[in-house]
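Encoded as structure tokens, the structure appears first; notes follow it.
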Amino acid sequence: MNENDFESRLILRGRPPTKSHGFVNPKLVRGSTVLYENCAQRQTIGARRLEQEEIYGLYGTETHFALEALVAEIEGGTRCQIVSTGLAAITAPLLAYLRTGDTVFVPDSVYGPTRRFCDTILRRYGVQTRYYDPLISEHQLRSLIPSSLRVMMVESPGSHTFEVQDVPMISKVAHEVGAKVFMDNTWGIRTFQPFRHGVDVSIQSLTKYVGGHSDILLGAITVTSEEDWAWLRHGVLDLGQYASPDDCWLALRGARTLAVRLDRQGESALKIARWLADQPEIQRVLHPALPSCPGHEFWMRDYSGSCGLFGVVFAPQYDYQAVTAMVDALRLFGIGASWGGYESLALPTSFTITRTEGSGNFGGEMLRLQIGLEHTEDLITDLKAGLAVLRSHSSTVRDESILTNP
């Protein structure tokens, strides 16, 4: 057995040694107050909040530390900080690292709540956000960078529209001017190694595949250098960020089956994506493993596989009402905003897309699909029935404004 394999690390890390007497899973530890033997011990341990020790409940418990160790292993990092939600895993390091007068570059395809945070909270504190085309060239990127750039964010693939970014190029350019690279790597949790491609801070929504059962909210921030760990750990604790140990314990349990779920869901999603690509109602499939997806060449170069989340663009004759009629008719797909759980989801996304750099018109209504653990042929049968409903609602005129949410 190679203990460095992804599957083996998921089983072995973040829990007691296999050959020891005791329960297989780590304990669930709840608590706020930690008692010390004497004042000298309190003074010594209390000063070490950079270390993952049981100092006070806010700083973490044995349950938190086990999950942090496991996620750091998955991401290929050295230190991990668990926070309350996936969004907190984005906002906490931004607040910890950015200062008044700094600039952050954010891809135009970014997760909507990230955009809102940048446009409201960061703007209020004097941080400028510059949105850039996720498929920007090196020459274009160099021409845009100001001296105030401090953080370069990447989200690959992009939220809803699945553009795969040239992360190594973006990281190289950012590092040349002393900026840090933050990456939302939730989609690529198994298939992309962020720190091998120049990323400084990797962000995960553990709500998704690690939890795996659509019943927890958690986020994780992973780094490789002690310098990055110092500002991250202090910043997160100063913000009062905390994650429920109950949710951490559930995430640890979910992580043990992460590999087999990702294998199954990724395989099913790719089969369904290829089937959809052959349907006349579909103009384009936005699955990074297919040539029709923007940035597919970077996926081929940098990724070792895919997951269960992708999108489609419908032919121009199908308007938003037709797409919603199709989704309402599906029996096996729920209508929900999250993903990474065991259940399949379908979500119309055109109305959620906000773009400011001209990168948001895909020429048709859009749908995001999360493929769960149902039988693949059953899901295809359900989609066939849905496409029949879609055809019955076709129109010759469509409203192009639906693609540019103000």
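The values are calculated or read from the model by the stated rules, or taken from the named source; none is laboratory data. Just so it is clear, the structure is predicted and the values come from calculations on it, not from any experiment. Cβ coordinates were reconstructed from backbone atoms using ideal geometry, including for glycine residues, and neighbour counts include every protein chain displayed.
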*Those residues that are under 22 Å from residue 149 (Cβ atoms) and small (Gly, Ala, Ser), I need them from region 178-236; list them, please.*
178, 179, 198, 202, 225, 230, 235
*Just give me the residues in region 348-382 being of a type in the set (Val, Ile, Thr) and within 20 Å of residue 330 (Cα to Cα), in sequence order.*
349, 371, 376, 380, 381
*Output the helices (runs of 4 or more DSSP H) that fall wholly within region 15-99 and possess 2 or more residues being more than 24 Å from residue 223 (Cβ to Cβ) and either at pLDDT 85 or above or not small (Gly, Ala, Ser) (or both), or say none.*
39-46
*Is one or more of the residues making up region 154-167 of a type in the set (A, V, I, L, M, F, W, C), over 18 Å from the mean Cα position of the chain (by Cα) and not in a helix (DSSP H, G or I)?*
no
*Evaluate the following for residue 279: is it touching a residue at least 40 places away in the same chain (Cβ under 8 Å), of a type in the set (S, T, N, Q), in contact with a Phe, Trp or Tyr (Cβ under 9 Å, 6 or more places away or on another chain) and outside the structural domain of residue 98 (by TED's automatic domain parsing)?*
no
*Taking region 342-363 as the search range and keeping residues that are in a loop (DSSP other than H, G, I, E, B) and either at pLDDT 95 or above or touching a helix residue (DSSP H, G or I) at 6+ places or on another chain (Cβ under 8 Å) (or both), which one is surrounded by the most Cβ atoms within 10 Å (Cβ to Cβ)?*
344
*Tell me which residues, restricted to region 347-380, are without any contact (Cβ under 8 Å) to a residue 24 or more places away in the chain and more than 19 Å from residue 267 (Cβ to Cβ).*
347
*asked:* From the list 276, 218, 258, 262, exactly one residue is within 27 Å of residue 5 (Cβ to Cβ), touching a strand residue (DSSP E or B) at 6+ places or on another chain (Cβ under 9 Å) and at pLDDT 95 or above. Which is it?
replied: 218
*Among (1) without any contact (Cβ under 8 Å) to a residue 24 or more places away in the chain; (2) in a loop (DSSP other than H, G, I, E, B); (3) under 20 Å from the mean Cα position of the chain (by Cα), which single condition is residue 292 missing?*
(3)
